[in-house]
Amino acid sequence: MNPPTRSVFPLSLDLLYELLDVDRDLAPRHLLRRARQEGAVVSTLVLSLAEREGVALGEGSRAELARMTRRCELYRELDAVVRAVPGARTVKGPSLNRYYPQGLLRSVGDLDVVVPDEATLWRVLAEVLDRQEAVEVLMTQLDTDGRRDLLVSVWWLGEDPMLDLDRGVEVTTFAYGGLPEQGVPLRPELPAEQVYADVLAVAEERFQRDFTLKDVLDLVCVLTSPAAPDPAALARVAAGHALAPELEELCLKTTGHPALAPVVPAPLLDGLRESARLERARRAAAGPLAEAPRLYGFQLTEPLRRGAGETVEDHDLDGVLLRRTPVADLLLVTGELVGLADHETAQAALSALAPWPERPAPRTAAAPVGSGS
């Protein structure tokens, strides 16, 4: 039997009225409108709490909550499929969902997967595409000090394409990408224990955007879970992954809400304070790191294929780089714009190449997950 992970923190509509600074005299629809400004995680949580607390929901609200429930179930099933691939691990998403109080729904944007090498990356995507038809692939290649890393994601439409975000699986051969311009390097390895990996993945989001209430609630549910990490150990792990300043910022944002302040243990803040100071000093002394060369994949073929193999095949066409992969053919470029002549060169070369071999169908047909595309 799996050990319990569900937080017992008393999340409620009343608390969200307070956290979102909405007048308690206003009807719940006003709370939902404000929650939508924070994103799908918070708005889905409001709907989930409203249902639990007996608020009358209309047909549209019930339909949205049902779609988000199916979306989470799809990702939960894909998460299990991915984690069955040796070496593959997932962070955030369904992993964070398991900390939230029983009966409450934390929506999931995409599934984040970390793998040790490129062969495992293609094995993961093969398992996903055996179960889910995707329409788009995105690839980024980073070259750092002789190390080549890939970020590859596949995407398909949400259940209601007009209302829902696209769904996808993002696979990386590194754990945390960092922010080289601020002296934070790529860190290839996740912490061994899942709860530390999840918390640091939330902290890493700060390199992409400001923290929001979603991040605060994620931290609250982790810290009040039976699976909560040891505070002093969490501070040490954050320091070891160059994330002490970001985790300290998230903790301070959390304690800035009076109702949430008791959730953050003093030993965690105490442990982060000095390591955050030292990390900021290290970054200042190091200055911006040399920007790693990047290549971006422009998709040339669709739909995505169920290709055989676990490696890529590159063709250098007088400076135009065509990359063939088990899921699609891509034109690799150094920026967001693709030259028409380069595109035509790649397409002409591709038409002269043999089709990429398809991999055999599974001996036992892979069951589709969720509600399809």
Over the stretch 80-129, the set of residues on the phi > 0 side of the Ramachandran plot and touching an Asp or Glu at 6+ places or on another chain (Cβ under 8 Å) is GLY87, LYS92, GLY93
Cβ pairs under 6 Å, 6+ apart or interchain, first in the stretch 61-86 and polar (S, T, N, Q), second surrounded by 14 or more Cβ atoms within 10 Å (Cβ to Cβ) and not in a helix (DSSP H, G or I), ordered by first then second residue, are none
TODO: May I ask you to verify whether ALA232 is open to solvent by 30 Å² or more (accessible area, probe 1.4 Å), assigned to a helix (DSSP H, G or I) and touching a Leu at 6+ places or on another chain (Cβ under 8 Å)?
DONE: yes
Of those in the stretch 170-181 that are of a type outside the set (A, V, I, L, M) and in contact with a helix residue (DSSP H, G or I) (Cβ under 9 Å, 6 or more places away or on another chain), the residue surrounded by the most Cβ atoms within 10 Å (Cβ to Cβ) is TYR176
Among (1) open to solvent by 10 Å² or more (accessible area, probe 1.4 Å); (2) touching a helix residue (DSSP H, G or I) at 6+ places or on another chain (Cβ under 8 Å), ALA286 falls short only on (2)
Among the residues of the stretch 121-169, the number that are in contact with a helix residue (DSSP H, G or I) (Cβ under 9 Å, 6 or more places away or on another chain), among the hydrophobic types (A, V, I, L, M, F, W, C) and either free of Cβ contacts under 8 Å to residues at least 12 places away in the same chain or assigned to a helix (DSSP H, G or I) (or both) is 2
Filtering the stretch 1-32 for residues that are touching a residue at least 40 places away in the same chain (Cβ under 8 Å), under 26 Å from the mean Cα position of the chain (by Cα) and assigned to a helix (DSSP H, G or I) leaves a count of 1
When every residue in the stretch 77-120 that is surrounded by fewer than 23 Cβ atoms within 10 Å (Cβ to Cβ), part of a loop (DSSP other than H, G, I, E, B) and of a type in the set (Lys, Arg) is compared, the one farthest from the chain's Cα centre (by Cα) is ARG98
Condition (residue is of a type in the set (Val, Ile, Thr), assigned to a loop (DSSP other than H, G, I, E, B), modelled with pLDDT of 95 or more and under 27 Å from ASP198 (Cβ atoms)) applied to the stretch 254-272: is it met by at least one residue?
yes
Going by the conditions given, is PRO303 open to solvent by 80 Å² or more (accessible area, probe 1.4 Å) and either at negative phi or touching a Gly at 6+ places or on another chain (Cβ under 6 Å) (or both)? yes
All-but-one check, VAL338 against (1) open to solvent by 40 Å² or more (accessible area, probe 1.4 Å); (2) within 24 Å of the chain's Cα centre (by Cα); (3) over 23 Å from LEU179 (Cα atoms), failing number (2)
Taking first residues from the stretch 228-241 that are in contact (Cβ under 8 Å) with a residue 60 or more places away in the chain and second residues anywhere that are assigned to a helix (DSSP H, G or I) and of a type in the set (A, V, I, L, M, F, W, C), the pairs with Cβ under 9 Å that are 6 or more apart or on different chains are HIS241/LEU200; HIS241/ALA203
Of the residues in the stretch 121-152 that are open to solvent by less than 50 Å² (accessible area, probe 1.4 Å) and β-branched (Val, Ile, Thr), the one that is modelled with the lowest pLDDT is THR144
Note to self: Can you find a residue that is at positive phi and open to solvent by less than 30 Å² (accessible area, probe 1.4 Å) anywhere in the stretch 182-197?
What the structure shows: yes
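The values are calculated or read from the model by the stated rules, or taken from the named source; none is laboratory data. It should be emphasised that the depicted structure is a prediction, and the values quoted were computed from it without experimental measurement. Here the Cβ is made from the backbone with ideal geometry for all residues, glycine too, and neighbour counts use every protein chain on show. What goes into the accessible areas is simple: the full protein's heavy atoms, side chains included, and nothing from ligands, DNA or RNA. Shrake-Rupley method; radii C 1.70, N 1.55, O 1.52, S 1.80 Å.
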